[in-house]
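*Asks:* Quick one: the structure is below, questions incoming.
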Amino acid sequence: GRGAGGAREDLLEGMSTRRPNPTTNASPSAVDTRVRLVPGDGAGGTEDSDLDLGNGGNHDDGSGGNERGNTQGEQGGSGDGDATTAHDGMSHLARFIGPLLFARDLRLREVRFLLGSSSPTPISLSSENDHPGDGSETGDPEAVVAQQQRLWALAPRTAALAVGRGAFTLGTARCRPTETLKIPVLTLAGCLPAQRGAVVALDLTASGTAGAEFTHWPEFHNGVASGLALAAQARGELTRSWILFNKPETPSNAHAGVLLALGITGALKQLSNTDLYRYLVQEHDLTTVAALLGTACAWRGSAKNDVAKMCFLHVPAVHPVAFPEVEVSLLAQSAALVSVGLLYQQTSHRRTVEIVLREIGADPDRTSAGWGGGGGNETQSAHSKGGREGYALCAGFALGLTCLGVGKTAVGLSDLRIVERLKRYLGGGDGGGGFSTTGAS
């Protein structure tokens, strides 16, 4: 007697009662997968609101998952996207690739949890002073020292996370022509779950110069990871305009890493000589290293004349006697040698082989003999820190790259007796007593 309207209500009620309930018929992991990995699920459509894990994988052994969740809730539970927790460089994987490839498990979530480095690391001290209310939060000297020791122990692990993230996100992101590249923050600070997520900063100045320089290479690798995440085959995106648009006013280690990554993917081919010059005149060591290596990678094996001049300009050992003295750090000299090897890869270029073979046994600290190269004190300091071994290693890389795959079939190199000279180097000799202009030992 209810008519068509009543029949429709009965039908809808029956469908709702027969529909499977995911909370009762599915496993917890499957439910969690649907909640966290499906794009657009949950809060809004912001870049990182779907899965905000931050630096969870770098937690201390004494802290559990619940502590991590509580800490995130205390620091950024509002979900408004704090700068240190909202962007970890991997959100696009969880939003798009995860549901397509691994929709039934949480493997991408776990990897992202392990490689996040954008939020403070939860630490837990075994001593009783780490409990709230006992006075440790008021600045107990012993507790502060213990916290700094734990943070220094965890710092190398945090610094290495960018390398793993670079492999994890390789070629999975796309650049936006009107936006700068977002580089995740590398956070070496820690937080105390037992003290309501109180953040403890790592005191880098306590270790002197070594502590202040500790973050240089980790920040560089962090930039490389962000640059490698950009898809190398994206047409019309990695343009010269976009690269220059991302160039900061003040040189930074992170942007230097991005520059190297763009060279590895071949995007630096689009830069002109003037563009490269503007990078080099900044006199920032890591930017110089990135520009040299990146450009050589982009033109690998081409023996391009302009790039060769740029690389040899940073090797004072090949400058003429009347050439003005050039201030080049030992780090830039070493990078220039590797760049030369990449540029002349598999070419068996005789002049290049002569230079790098001589430099394997040469002393880069030759300022007193009129060789130029680094400004005396700076070069001597680098030499005392093991820079001599690094310089010789880079020269060896250059030699191997130049002669890669040719062996004894190389044309025009037989009189150099490369193998014999290398054996002398292994025995602690000078490789044959100098090198003549003709290459004969």
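*Asks:* Identify the residue in the range 277-312 that is aromatic (Phe, Trp, Tyr) and in contact (Cβ under 8 Å) with a residue 12 or more places away in the chain and, among all such residues, is least open to solvent (accessible area, probe 1.4 Å).
*Replies:* Tyr279
*Asks:* If I filter the range 203-228 down to residues being outside any helix (DSSP H, G or I) and over 18 Å from the mean Cα position of the chain (by Cα), which single residue comes out as farthest from Leu151 (Cα to Cα)?
*Replies:* By that ranking, first place goes to Gly208.
*Asks:* Condition (residue is over 18 Å from Arg388 (Cα atoms), at pLDDT 95 or above and open to solvent by 10 Å² or more (accessible area, probe 1.4 Å)) applied to the range 331-342: is it met by at least one residue?
*Replies:* For the range 331-342, residues over 18 Å from Arg388 (Cα atoms), at pLDDT 95 or above and open to solvent by 10 Å² or more (accessible area, probe 1.4 Å): present.
*Asks:* Among the helices (runs of 4 or more DSSP H) contained in the range 229-314, which hold 2 or more residues that are hydrophobic (A, V, I, L, M, F, W, C) and within 24 Å of Val185 (Cα to Cα)?
*Replies:* 240-245, 253-264, 285-298
*Asks:* All but one of (1) closer than 30 Å to Leu293 by Cβ; (2) touching a Leu at 6+ places or on another chain (Cβ under 8 Å); (3) of a type in the set (S, T, N, Q) hold for Gln147; state the number of the condition that does not hold.
*Replies:* (1)
*Asks:* Restricting to the range 109-145, give me the number of residues that are more than 21 Å from Arg196 (Cβ to Cβ) and modelled with pLDDT under 85.
*Replies:* Looking only at that region, the number is 1.
*Asks:* Also, I was wondering about something else. Hey, among Leu181, Leu154, which residue is assigned to a helix (DSSP H, G or I), at pLDDT 85 or above and either farther than 14 Å from Val199 by Cα or open to solvent by less than 30 Å² (accessible area, probe 1.4 Å) (or both)?
*Replies:* On inspection, the qualifying residue turns out to be Leu154.
*Asks:* Does Ala267 satisfy the criteria of being open to solvent by less than 20 Å² (accessible area, probe 1.4 Å) and modelled with pLDDT of 90 or more?
*Replies:* Judged against the criteria, Ala267 is a match.
*Asks:* I would also like to ask the following. Exactly one condition in (1) modelled with pLDDT of 90 or more; (2) open to solvent by less than 30 Å² (accessible area, probe 1.4 Å); (3) part of a loop (DSSP other than H, G, I, E, B); (4) not charged (D, E, K, R) is false for Ala362; which is it?
*Replies:* Ala362 satisfies all of (1) modelled with pLDDT of 90 or more; (2) open to solvent by less than 30 Å² (accessible area, probe 1.4 Å); (3) part of a loop (DSSP other than H, G, I, E, B); (4) not charged (D, E, K, R) except (1).
*Asks:* Go through (1) under 14 Å from His221 (Cβ atoms); (2) crowded, with 16+ Cβ neighbours inside 10 Å for Ala160 and report which single condition fails.
*Replies:* (2)
The values are calculated or read from the model by the stated rules, or taken from the named source; none is laboratory data. Just so you know, these numbers come straight off a predicted model, no measurement behind them. So basically every Cβ, Gly included, is an ideal-geometry build from the backbone, and we count neighbours across all protein chains shown. We work out accessible area using only protein heavy atoms, side chains counted, and drop any ligands, DNA or RNA first. Shrake-Rupley method; radii C 1.70, N 1.55, O 1.52, S 1.80 Å.
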